[in-house]
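Working notes, beginning with the structure itself.
The values are calculated or read from the model by the stated rules, or taken from the named source; none is laboratory data. Given the structure is predicted, the values throughout are model-derived calculations rather than measurements. As a convention, Cβ positions derive from the backbone with ideal geometry for all residues, glycine included, and neighbour counts pool all protein chains shown. Remember, those area values only see protein heavy atoms, side chains included, never the ligands or the DNA or RNA. Shrake-Rupley method; radii C 1.70, N 1.55, O 1.52, S 1.80 Å.
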Amino acid sequence: APPECPFCGEAAGRELEEHVRARHGHLLGAPGAGDGEQLYECPMCSLTCTDIQILEEHVYLHLEEHSFSEGIITDLELAQQIQDEEDEWQRSEEEKREREEFKKLQRQYGLDNSGGFKQQFLKNMEREVDRGRMQPFEYHKRKADIMESLASGVDDGKTKTSGVIEALCKYYQTESKDVRRVWLSAGVDHFHSSLGDRGWGCGYRNFQMLLSSLLQNSFYNDCLRDTTLIPSIPKIQSMIEDAWREGFDPQGASHFNNRLHGSKAWIGACEIYSLLTSLRIKCQIIDFHKPTGPMGTHPRLFEWIWHYYSKDNEGGTKVVCTSKPPIYLQHQGHSRTVVGVEEKNNKSLCLLLFDPGCSSQQMQKLLKQNSDGTGLRLLRKFVGSLKEKQYQIVAVDGVLSLEEKAARCRASQVLTAEKIP
C-alpha cells in the first residue's frame, strides 16, 4: 500500500515529500516562546527544532519508517493468508483421502450397500453368458435353482465335496512313509466359494464345513435339531443377526450396523463364536496375536492344534481318526478349516487345511489319491507356510446348558478372546 500523509491521511505514494511540503508546509513550524527564538514542533513526536530544514528531515524519517512498517505488516498478512490457504487445502485433501479410504474399506468388506449373495450370483451368471461361457438355458436353470435355495434357506450343495477325510485315512494307512503319526478330524465336507460369494464368502463356507461335521455327530443333535441341513449363506447371515439380537457381541454387531443379510460383509472368528454359542455349542476363541518363532512363524499355533487333536487320542496307531470337529482358522483377509495334523519322522508338525478357495475339481483329486501323495499339497501347511502377523482359531469342545449359554452371552459383551502370549 502507498504511504499515507501523516497530516491528512491521503495516499501520496512516491511524491509524499512533495505532498507534505506543498500542502502542509505551514504546519511544520510554530512560533516559540520565552527568548523570542523561532521553534518548530514535529507533528508526529512533539520534538521541537529551531531549524526548519532539520525538522523536515526529521519528519521524512518518520514517514519512511511508517512506510517501511506498513510494508512489513502487509507482507506478514500475505504470508499468513498463504499459509492459511495451504492449511485449508491440506485439510481438504486429507478429508478427501479419508473418504476414499473409507469407501475402499466398505467395498473390501462388503459394507457398501452394493447387494449381497443373490445380486452377485445373478450378475456373475449374466457376465458368463455375455462371454459365451454359459448358455442361456443353463443360466435360467441355475437361476431357478438358486432362487429355490434362497427361498428354502438351504445350501444347494453345488460346491460340496464329501468323503475327503475317509480318503485321507485310507491313504495314510498304506502310504506316506515320511509321516510318523497323523490325527484327523471327524468327517467333514468341503465347501468352496461360488459365483455368489467369490471374494468375500470364506468365513461362511468354513462355517458350513464345521457345521457339516457337527451334523454327523449325534452328540450335537439336541443343539442342531432346528438346523438339520446346511444353511445357505444368506441364511447364515440371518442366523448371526439372530445371535446379535440375543445379546452376543454387541461391539461386533455395531461394526456391521447390526445387519449382514443382503450384504457382502466379511465375517470372522467373533461372528462364528457368537453363532455357535447361540446354538448352545461350546467353543472358544484362541488369539495368537504375535509370532512365537523365528522369521515371523507361529509354532505355538501348531502346538496348540496338535494338542487339541492328540489329547485323549494317544494310541499306538499311526493314523488316528478322532471324533474332534474341525477347527476354524482366521487371519487377516482369509479363513480356512483345520482338518488334521501330521507329525513327521523328524518330529516337525504339518497342518492339514481345507481352503474354500479350492474348487470341487481340485478336491476330487484327493478322493483318488496317488501313491506319491502329490494331491496333499493342497492341504499341507508347514510352520514356514503360515507367517501372517496374527491368527485366531475357533475350536468346538462340547455342548452348553441354557445357563452356560446365558453366562457366555454376558461374558461376550466384555471379552470374547483369550490372549496367548
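Here are some notes:
- Solvent exposure, largest accessible area first (probe 1.4 Å, DNA, RNA and ligands not counted), of 367, 276: 367, 276
- Once the 1.4 Å probe is applied to the protein heavy atoms, region 157-419 comes out at 44 Å² accessible per residue.
- Kirkwood analysis of the Cα pair distances in region 202-272 returns a hydrodynamic radius of 12.8 Å.
- Taking 0.36 nm per residue of separation and subtracting the Cα-Cα distance, full extension of the segment from residue 61 to residue 259 would add 63.6 nm.
- Cα-Cα over 32 Å, subset of 235/324; 290/368; 290/347: 290/368
- Along its first, second and third principal axes, ordered by size, region 157-419 spans 51, 39, 35 Å in Cα coordinates.
- Annotation for residue 222 and residue 397: the two label points, set 7 Å from Cα along the Cα-Cβ direction, are 2.0 nm apart.
- Annotation: for a label point projected 7 angstrom from Cα along Cα→Cβ of residue 361, residues of region 192-230 with backbone N closer than 19 Å are 192-199.
- Applying 1/(1 + (r/R0)^6) with r as the Cβ-Cβ distance of residue 332 and residue 95 and R0 = 22 angstrom yields a FRET efficiency of 0.25.
- With R₀ set to 60 Å, the beta-carbon distance separating residue 48 from residue 80 gives a calculated FRET efficiency near 0.90.
- Heavy atoms of residue 283: accessible area, 1.4 Å probe, square angstrom to 10: 0 Å²
- Pairwise FRET efficiency - residue 11 versus residue 114, Cβ, R0 = 56 Å, nearest 0.05: 0.35
- Label-point gap, in nm, between residue 368 and residue 318 - each point 7 angstrom along Cα→Cβ: 2.5 nm
- Exposure of residue 183 as accessible area (Å², to 10), given a probe of 1.4 Å and all protein chains: 10 Å²
- Sparsely packed loop sites in region 186-272 (the trypsin sites (Lys or Arg not before Pro) outside DSSP H, G, I, E and B with at most 12 other Cβ atoms within 10 Å) comprise 225.
- When nucleic acids and ligands are ignored and a 1.4 Å probe is applied, residue 401 ends up with an accessible area of around 40 Å².
- Label-point gap, in nm, between residue 413 and residue 129 - each point 7 angstrom along Cα→Cβ: 5.0 nm
- Subset of 318/405; 344/389; 365/405 violating a 30 Å alpha-carbon distance limit: 318/405; 365/405
- Protein heavy-atom surface of region 157-419, 1.4 angstrom probe: 49% of the accessible area is carbon and sulfur, with nucleic acids and ligands not counted.
- Shape of region 107-219 from the C-alpha gyration tensor: prolate (a/c of 1.5 or more and a/b above b/c, with a ≥ b ≥ c the square roots of its eigenvalues).
- Distance distribution P(r), region 283-374, all Cα-Cα pairs, bin width 10 angstrom from 0: 12, 42, 36, 10 percent.
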